[in-house]
1. Counting alpha carbon pairs within less than 8 Å and at least 6 residues apart, what relative contact order, in whole percent, applies to segment 11-75?
2. Considering only Cα-Cα distances, which of the following residue pairs are longer than 19 Å: Lys10/Lys74; Lys10/Lys60; Lys10/Lys69; Lys4/Lys74; Lys10/Lys51?
3. Do any trypsin sites (Lys or Arg not before Pro) in the chain lie in a DSSP loop with no more than 15 other beta carbon atoms within 10 Å, and if so, which?
4. Quick one: Debye curve from the C-alpha atoms of the chain, no solvent, what's log10 I(q)/I(0) at q = 0.12, 0.15 Å⁻¹?
5. Once each part is reduced to its C-alpha centroid, what is the distance from segment 47-71 to segment 3-20 in angstrom?
6. Based on other C-beta atoms within 10 Å, arrange Met53, Met39 from fewest to most.
7. Given the DSSP H assignment, sum -39500 (n - 2.57) over each helix run of at least 4 residues in the chain and divide by its residue total; what's the result at 222 nm in deg cm²/dmol, nearest 500?
8. Nearest 20 debye, what's the magnitude of the dipole of segment 11-75 about its Cα centre given +1 on Lys and Arg Cβ and -1 on Asp and Glu Cβ?
Amino acid sequence: MCEKKIDISKRFSIEIQNINNKLQQLENGRVYDLTNAQMDGYLSTHIGQLKEMISDLLYKIEYGEDSRKEELEKSMGCIKL
């Protein structure tokens, strides 16, 4: 079996969780188009946000940028998240 070079799911857990949360909202029908509740947002807004989240995550992975978790750890000093 091959050894992992990088554990993307752990390193980018915050970004992945944000994408999962957005997908869960959609799966639960939390869109203005269905609920008429403005707090849910339009389907097109959710899709745009998902595209941006995925694009941001891929950019960070491809160019070796810090994950959100790493950024928070740096800003909080030596506290490990």
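1. Contact order relative to length: 42 percent.
2. Lys4/Lys74; Lys10/Lys51
3. Loop-located and lightly packed - Lys4, Lys5, Lys80.
4. After summing over all Cα pairs, the log10 values are -0.47, -0.67.
5. One Cα centre to the other: 10 Å.
6. Met39, Met53
7. Value at 222 nm, helices only: -18500 deg cm²/dmol.
8. 120
Any read-out appearing in this document is the output of simple, stated calculations on the displayed coordinates, not a laboratory observation. This is a predicted model, so every value here is computed, not measured. Heads up, the Cβs are rebuilt from the backbone with ideal geometry, glycines too, and the neighbour counts pull from every protein chain shown.
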